[in-house]
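This report concerns only the one structure given below.
The values are calculated or read from the model by the stated rules, or taken from the named source; none is laboratory data. Everything quoted here is computed from the prediction, not taken from an experiment. Cβ sites come from the backbone with ideal geometry, for glycine too, and all protein chains shown count toward neighbours. Only protein heavy atoms, including side chains, enter the accessible area calculation; ligands, DNA and RNA are left aside. Shrake-Rupley method; radii C 1.70, N 1.55, O 1.52, S 1.80 Å.
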Amino acid sequence: MRCAIIGYGNVGKASHILLSQKAQYIKQAYGVEIRVVAVADIMGSAIHEKGLKPEDLIPYAEKHGTVALSDYGLKGFIGPELLQKVKPDLVIEVTPTNIVNGEPGLSYIMTAIDIGAHVVTTNKGPFALKYREIMDKAKKQGVLVKLTGAVGGATRVLKYAEKCLAGEDIEDVRGILNGTTNYILTRMEEGISFEEALREAQRMGIAEADPTYDVEGIDAACKIAILANALLNENVTVHDISREGISKITKEDVAEALKSGETIKLIASAKELSVKPARIPVNHPLNVKGTLNAITFQTKNARELTIVGPGAGRFETASTVISDVIDIIESLRRGLSEQG
Ligand SMILES: NC(=O)c1ccc[n+]([C@@H]2O[C@H](COP(=O)([O-])OP(=O)(O)OC[C@H]3O[C@@H](n4cnc5c(N)ncnc54)[C@H](OP(=O)(O)O)[C@@H]3O)[C@@H](O)[C@H]2O)c1
């Protein structure tokens, strides 16, 4: 299976390393040889039909800031043209999230589908804006698009629902989908103000210099829009999600909730199409601390099931890329090419 990795940052590099580590296992277990024949970052690409190895490419990428200056590098050769030339079987799309127009991920994904390549991505932007359009196009073309790492990181909520809740009626999916805000709220429970907790999160590298995307609930809104589309058969975008962030919550609010045996969490709900702070009992399964994510499936027969785990991290997220790749290989072996 010839792969192209588009985006060679945290998740791109970690995915390349894990793919290389798991190549032997995948060959033995599934009889499929994985070969990374192209890698791209914003400045260019590297293309090598015999396969690019992470131990060769990453030092170049780290030294020069691009793969384009490596032995097989092509400066400036990126974008849909790259995929059209290389024609990989699988595109691993891990470029930055953009929720204004989904680019550059959207064009890469659409081009991959056009050329008949399967797609694995961790980029929520294109799906928070054009979920149905992408999935309908993939179905028409008979290719698979897997985006496990885009929602809840390593928790794999999409895959859990697809594999373990098949045939179940999912009535709601609700929970904590943003680790940064959960970290801030956790620290506020320990007695510091919103501003202090935010500065601390920025120092630790878990909040951006402009924290709006996290603290105003935009990131969680993107993810809940995707879950609503994928699991509740909605046809919504991030703009359909009603949203309130945590920037108006004070440490006094948090302390007062604690006195009543409750905690304040930023809760997203796929049924309500909302993201807002809510008080939940301290012994509730969604009361997780720090940067953890926690998602509860409310189902008709299995009732409530909660998954807890890391919502981010480069290897944590790259591990979802590997499981999506294996998922695609298994589907192809079974001769299925329809979206699950
Ligand atoms: N990191 C996590 O823990 C995590 C968790 C869940 C989901 N995600 C999602 O996964 C995706 C990747 O995250 P990341 O942390 O790896 O981001 P990152 O470190 O910023 O890497 C993004 C990569 O994409 C490249 N890029 C930008 N524009 C491009 C273009 N037009 N063509 C080709 N490559 C381009 C960047 O190149 P330059 O470096 O040269 O600009 C960089 O190599 C994002 O959508 C993110 O939201 C990340």
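If only residues of the range 292-321 that are more than 14 Å from the ligand (Cβ to nearest atom), touching a Lys or Arg at 6+ places or on another chain (Cβ under 9 Å) and of a type in the set (Val, Ile, Thr) are counted, the one that is most open to solvent (accessible area, probe 1.4 Å) is ILE307.
Restricting attention to the range 66-80 and to residues that are open to solvent by 40 Å² or more (accessible area, probe 1.4 Å) and closer than 16 Å to GLU49 by Cβ, the residue that is farthest from the ligand (Cβ to nearest atom) turns out to be ASP71.
Of the residues in the range 267-275, none is within 16 Å of the ligand (Cβ to nearest atom), open to solvent by less than 50 Å² (accessible area, probe 1.4 Å) and part of a helix (DSSP H, G or I).
Got at least one residue in the range 39-56 being within 12 Å of the ligand (Cβ to nearest atom), without any contact (Cβ under 8 Å) to a residue 60 or more places away in the chain, of a type in the set (Asp, Glu) and farther than 22 Å from SER323 by Cβ? Yes, the range 39-56 contains at least one residue that is within 12 Å of the ligand (Cβ to nearest atom), without any contact (Cβ under 8 Å) to a residue 60 or more places away in the chain, of a type in the set (Asp, Glu) and farther than 22 Å from SER323 by Cβ.
Taking (1) within 16 Å of the ligand (Cβ to nearest atom); (2) outside any helix (DSSP H, G or I) in turn, VAL325 satisfies each apart from (2).
State all residues of the range 150-188 that are more than 21 Å from THR121 (Cα to Cα), assigned to a loop (DSSP other than H, G, I, E, B) and in contact (Cβ under 8 Å) with a residue 60 or more places away in the chain; if no residue qualifies, say none. Scanning the range 150-188 gives LEU165, GLU168, ASP169. Across the range 197-250, the number of residues qualifying as within 28 Å of GLU133 (Cα to Cα), touching a residue at least 40 places away in the same chain (Cβ under 8 Å) and in contact with a Gly (Cβ under 6 Å, 6 or more places away or on another chain) comes to 1.
Of all residues in the range 98-120, how many are among the β-branched types (Val, Ile, Thr) and either open to solvent by less than 10 Å² (accessible area, probe 1.4 Å) or under 16 Å from VAL321 (Cα atoms) (or both)? Walk me through how you get there before you give the answer.
Going residue by residue through the range 98-120, those that are among the β-branched types (Val, Ile, Thr) are 99-100, 109, 111, 113, 115, 119-120.
Filter again for either open to solvent by less than 10 Å² (accessible area, probe 1.4 Å) or under 16 Å from VAL321 (Cα atoms) (or both), leaving 109, 113, 119-120.
Total meeting the criteria: 4.
Scan the range 1-28 residue by residue and report those that are away from the ligand (no atom under 16 Å from the Cβ), open to solvent by 10 Å² or more (accessible area, probe 1.4 Å), in contact (Cβ under 8 Å) with a residue 40 or more places away in the chain and not in a strand (DSSP E or B). Hits for the range 1-28 are MET1, LYS22. Residue count for the range 1-18 satisfying the condition of being within 19 Å of LYS87 (Cβ to Cβ) and aliphatic (A, V, I, L, M): 4.
Of the residues that sit in the range 81-117 and are part of a helix (DSSP H, G or I), touching a Ser or Thr at 6+ places or on another chain (Cβ under 8 Å) and within 20 Å of LEU52 (Cβ to Cβ), which one is farthest from the ligand (Cβ to nearest atom)?
Filtering the range 81-117 for residues part of a helix (DSSP H, G or I) gives 81-86, 105-114.
The next check asks that each one be touching a Ser or Thr at 6+ places or on another chain (Cβ under 8 Å); those that pass are 82-84, 105, 108-109.
Applying the additional criterion that residues be within 20 Å of LEU52 (Cβ to Cβ) yields 82-84, 108.
On the way: LEU82: 8, LEU83: 11, GLN84: 14, TYR108: 7 Å.
My answer is GLN84.
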